[in-house]
1. Where Lys and Arg each count +1 and Asp and Glu each count -1, what net charge lies around L183 among other residues with Cβ under 14 Å from its Cβ?
2. By its C-alpha gyration tensor, with a ≥ b ≥ c as the square roots of the eigenvalues, how is the range 281-391 shaped: rounded for a/c under 1.5, else prolate for a/b larger than b/c, else oblate?
3. Only loop residues by DSSP count here, and only those with at most 14 other Cβ atoms within 10 Å; note down the trypsin sites (Lys or Arg not before Pro) in the range 112-207 that meet that.
4. Using only Cα atoms, locate the centre of the range 244-267 and the centre of the range 202-243, then give the distance between them in Å, rounded to an integer.
5. Can you give the accessible area per residue of the chain, in Å², using a 1.4 Å probe?
6. When the helix-only estimate is applied to the chain (DSSP H runs of n ≥ 4, each -39,500 (n - 2.57), divided by the residue count), what is the mean residue ellipticity at 222 nm, nearest 500 deg cm²/dmol?
7. Just the number, please: carbon plus sulfur as a percent of the accessible area of the chain, 1.4 Å probe, no ligands or DNA/RNA counted.
8. Taking a threshold of 20 Å on the Cα-Cα distance, which of the pairs K74/K135; K135/K266; K196/K321; K73/K321 fall above it?
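The values are calculated or read from the model by the stated rules, or taken from the named source; none is laboratory data. Just so it is clear, the model here is predicted, and its values are computed rather than measured. Ideal geometry is used to build each Cβ from the backbone, glycine not excepted, and the neighbour counts take in all protein chains shown. In case anyone asks, the SASA skips ligands and DNA or RNA and just uses the protein heavy atoms, side chains included. Shrake-Rupley method; radii C 1.70, N 1.55, O 1.52, S 1.80 Å.
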Amino acid sequence: MRFKFPLMAIGLEVGMIVLHALFVQYEMDQSTHQQSNSTKAPDVDRLLELYPLLQDVHVMIFIGFGFLMTFLKKYGFSSVGINLLIAALGLQWGTLVQGILHGHGQKIHVGIKDLITADFSTATVLISFGAVLGKISPVQMLIMTIVEITVFAGNDHLVAEVFKASDIGASMTIHAFGAYFGLAVAGVLYRSGLRKGHDNEESVYHSDLFAMIGTLFLWVFWPSFNSAIAETAEKQYKAVVNTYFSLAACVLTAYAFSSLVEHRGKLDMVHIQNATLAGGVAVGTCADMEIHPYIAMIIGSVAGMVSVLGFKVLTPIFATKLRIQDTCGVHNLHGLPGVVGGLAGIAAVALGASDKSTPAMQAAALGSSIGTAAVGGLITGLILKFPIWGQPADQDCYDDSVFWEVPRWREHDNHFHEHSGRKQLEPEL
């Protein structure tokens with residue numbers, strides 16, 4: 001049993017090496033072959049332009065997403081550590097499956113843009129990871145990474161090549177897809193023993209502070225995420241500006257609604273960690289369109305409001321009525337704002353903000369992303385449900401010590417109070 005994870009990890013990496021040896025080449029190899037008289041490949045100059053954006057996206061994937069999930073008091077090692085593990089596997093596998101689909105079976109010539117899109121593919125899994133955080137094993141996450149990125153690549157190809165839909169910031173194809181895929185997996189893996197909560201499914205002051213670090217990294221770099229693969233400098237500029245203003249407007253709305261829905265008008269750190277990012281998700285589909293900054297601000301404001309209300313109203317309903325235990329609230333940060341983004345894209349195209357797509361194409365892309373994610377997540381959940389994958393017992397959930405060597409836990413006072421779905425330590429006066 002103890003060798004299951006290392007053997008699977010090594011086996012997958014050997015497979016990645018073999019597949020990359022067979023199919024992957026430098027982009028310069030293709031360019032040099034096609035233009036043998038050129039002194040350098042024509043796309044080398046793109047490195048200087050896009051490499052900073054790649055690094056920005058890297059920061060979001062490896063730091064932002066990782067630290068955003070560190071709010072659980074005894075699961076910080078797993079939040080950051082497994083995030084790194086599945087992202088490293090995902091970017092390798094994403095390079096292959098997206099390259100094969102877009103290359104129509106030919107050799108995969110990897111350029112800097114392909115490295116960015118490989119990072120994008122891992123984002124879907126990291127979003128889904130949030131829905132099942134603390135409840136599944138590293139082995140299960142490796143399997144989920146392979147399956148989900150394969151399904152994601154198929155849907156992304158369908159949206160881009162068949163529907164010809166516009167989704168530059170991937171509100172639909174990454175955020176909505178990742179959220180509903182994860183929720184479907186969480187639904188299949190529902191644990192009745194956790195319906196009344198778990199002692200470790202709670203935060204402490206410093207764990208919420210760490211999670212806020214993840215929020216700030218994501219917030220600062222989100223304009224790069226939405227603009228990284230824009231076709232022209234003009235579209236890239238629009239994506240940066242629109243995302244910038246959408247995020248700013250989202251923050252004020254999220255703070256305001258957090259205060260409105262909480263007792264005595266106090267702010268809830270759960271809302272601030274998540275809903276302040278919803279504007280970046282929601283503006284993604286139409287970020288590079290001619291929508292004007294004030295429309296981006298409206299989209300961000302609506303997203304912040306919807307996200308906070310999702311945490312307050314929908315998360316309890318999902319847990320009690322739909323039997324979906326969404327640990328991180330990915331439905332409220334990625335699912336609902338992703339749908340808002342898809343609807344905003346339909347409206348923007350209908351109003352003439354882009355001539356590259358039609359409202360019907362945009363609607364088809366949104367429906368495909370949600371439907372494919374739900375079906376793929378259900379199938380993945382059934383695969384992960386087999387007991388051979390080492391799923392932790394109910395009493396071992398949300399505890400790093402099951403899979404990590406950890407320092408001795410410091411004993412805290414066990415006086416808890418309920419706070420927005422998470423239990424938090426209350427100091428004794």
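1. Surrounding charge for L183 is +1.
2. Values: a/c = 3.13, a/b = 1.69, b/c = 1.85.
It is oblate, given that a/c is not under 1.5 and a/b is not larger than b/c.
3. Numbers: sites: K113, K135, K164, R191, R195, K196; in loops: K135, K164, R191, R195, K196.
Filter output for the range 112-207: K164, R195, K196.
4. Cα centroid to Cα centroid, the span is 18 Å.
5. Accessible surface, normalised per residue, equals 45 Å².
6. Theoretical 222 nm ellipticity from helices: -19500 deg cm²/dmol.
7. Reported share for carbon and sulfur atoms: 65 percent.
8. Numbers: K74/K135 13 Å; K135/K266 31 Å; K196/K321 13 Å; K73/K321 27 Å.
Where the Cα-Cα span goes over 20 Å, the pairs concerned are K135/K266; K73/K321.
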